[in-house]
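Working notes for the structure below.
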Amino acid sequence: MSLTASLAAGGASFATAAALTGLVRALLRRHGVLDRPNQRSSHRTAVPRGGGIAVVGVLLATWFGLWLTNVSAGSGALFWVALAGALGLAAVSLLDDLRDGVSIFQRLAVQVVAVGAGIASLPGDGLVFQGMVPAFVDHALAAAAWLWFVNVFNFMDGIDGLSGTEGASLGLGTFLLALLGAAPAGLGPLGLALAGVSLGFLLWNWHPARIFLGDVGSVPLGYLAGWLLLALAAAGAWQAALLLPAYYLADATLTLARRMLHGRRVWQAHREHFYQRVVAADWSHGRTTALIAGHNLLLVGLAVASQESSTAAAAALAAGAMLVAALLWYLHAAARTSCGASGQS
């Protein structure tokens, strides 16, 4: 992997995404494309929605350029299929952001097509489970996991700065794994480009946010980040691929499982995620996102450590213990703050 090319891709992505997000914000405000607060919102004023137009556009252009110039040669000959899938998801999601008229079934159908086609774009033999199951079973399980992650990324986009922080963490982790030889070298520049656009957007989305991603951002970003994670797993770094997004996966999966058990629709907007509970109990968006960023940095370190056989088990145990402690602490902090507020009323 060319370190110079990776740093150039990351720096250019950061600067371009930051500049274009400002332009897109002005355009969205002019045309009244605003996310207006409601009872399920975590914000109190109308904010332009659709920053993903800039973020995803820059990321797709950067990834395509890296592939064409063979900087990310290890991404595979059919890499363009994944890029086309992300573009299709962005188009449908933008339509939903603008008109709010695309049904959940239509969106899911497009996601299924994009994920199904994207499986063929994974580098190497594309076998995520390393030959432990027949190829068709491997592809089916990988597609299901990818589809779930796309929606997890979308569901978790609920407070200022969170999606940008997650994208930066996943991109940085992928870059470090490639740099240290624990992942294909071609994934490094792709990861740093993802980190770059995420940080560029974060300049505008940190609390108080001046623009939101919208589905046009969160859905294709989840798709492209999911591709990176599956590519890591297909290259043998499956433990790292699980650890990098572990907080997102744990929070979303447990929250949605609880909603299902209570008979509530999992696809409807809500404020029941663990991080949303502390925000509802008067934690600021910035404080909550900074705490989750700290979790993610620890997970990046554990993901790197997991690639050494001598520390793999310890890394997995440490990640599990950290996640359990963090989620329980969120519940405790939310309950304590709520009780304190009730006592003062």
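For the stretch 50-103 versus the stretch 158-182, the inter-centroid distance based on Cα atoms is 18 Å. Close amide H partners of residue 34, meaning residues 5 or more places away or on another chain with modelled amide H under 5 Å apart, are 49. Computed per residue of the chain from DSSP H runs no shorter than four, each worth -39500 (n - 2.57), the mean residue ellipticity at 222 nm is -24000 deg cm²/dmol.
About the centre of its Cα atoms, the chain shows a dipole size close to 1040 debye [charges on the beta carbon of Lys, Arg (+1) and Asp, Glu (-1) only; nearest 20 debye]. Note on residue 265 and residue 91: the extension gain reaches 60.1 nm, defined as 0.36 nm multiplied by sequence separation minus the Cα-Cα distance.
Using a 1.4 angstrom probe on the protein heavy atoms only, could you order 212, 136, 79 from most to least accessible area? List each step's numbers first, then the result.
Details: 212 30, 136 155, 79 0 Å².
Output order, biggest surface exposure first: 136, 212, 79.
Over the chain, with a Gaussian network built from C-alpha contacts below 10 Å, which listed residue (71, 266, 304) shows the highest mean-square fluctuation? Among 71, 266, 304, the largest GNM mean-square fluctuation belongs to 266.
At the residue level, residue 67 shows approximately 50 square angstrom of accessible surface with a 1.4 angstrom probe and all protein chains present.
In nm, what is the difference between 0.36 nm times the number of residues separating residue 297 and residue 125 and their Cα-Cα distance?
Additional length available on full extension: 58.9 nm.
For the stretch 185-242, the fraction of 1.4 Å probe accessible surface lying on carbon and sulfur atoms is 71 percent. A cut-off under 11 angstrom between Cβ atoms defines the neighbours of residue 266, and their net charge, with Lys, Arg +1 and Asp, Glu -1, is +3.
Ranking 202, 232, 254 from most to least accessible surface, computed with a 1.4 Å probe over the protein chains only, gives 254, 202, 232. Comparing 52, 263, 22 in a Gaussian network model of the chain, where Cα atoms under 10 Å apart are tied by springs, the biggest mean-square fluctuation is seen for 263.
Going by a ≥ b ≥ c, the root eigenvalues of the Cα gyration tensor, does the stretch 23-135 fall in the rounded group (a/c under 1.5), the prolate group (a/b larger than b/c) or the oblate group? Prolate, since a/c reaches 1.5 and a/b exceeds b/c.
With the simple model of a label 7 Å out from the Cα in the direction of the Cβ, residue 253 to residue 117 spans 2.9 nm. With q set to 0.08 Å⁻¹, the log10 of I(q)/I(0) for the chain, from the Debye formula over equal scatterers at the Cα positions, is -0.35.
When 207, 295, 273 are compared by accessible area at a 1.4 angstrom probe, the order from most to least is 207, 295, 273. Computed 3J(HN,Hα) for the stretch 144-152, one whole-Hz value per residue from the Karplus formula 6.51 cos²θ - 1.76 cosθ + 1.60 where θ = phi - 60°, is 5, 5, 5, 4, 5, 5, 4, 6, 4, glycine and proline marked x. Which residues does a label at residue 284 reach in the stretch 207-238, if reach means a backbone N under 14 Å from a point 7 Å past the Cα toward the Cβ? Taking a point 7 Å out along Cα→Cβ of residue 284, the residues of the stretch 207-238 whose backbone N falls under 14 Å are 207-209. Seen through its C-alpha gyration tensor, with square-root eigenvalues sorted a ≥ b ≥ c, the stretch 188-286 comes out oblate because a/c lies at 1.5 or above while a/b is not bigger than b/c.
Remark: the residue 309-residue 329 segment gains 4.1 nm on full extension, using 0.36 nm per residue and subtracting the alpha carbon distance. For residue 45 and residue 99, a Förster radius of 30 Å and the Cβ-Cβ distance give a FRET efficiency of 0.85, rounded to the nearest 0.05.
The values are calculated or read from the model by the stated rules, or taken from the named source; none is laboratory data. Note that the coordinates shown come from a computational prediction; the quantities given were computed from them, not determined experimentally. Counting neighbours? That spans all protein chains shown, and the Cβs are built from the backbone with ideal geometry, glycine included. Areas reflect the complete protein model, heavy atoms only, side chains present, ligands, DNA and RNA absent. Shrake-Rupley method; radii C 1.70, N 1.55, O 1.52, S 1.80 Å.
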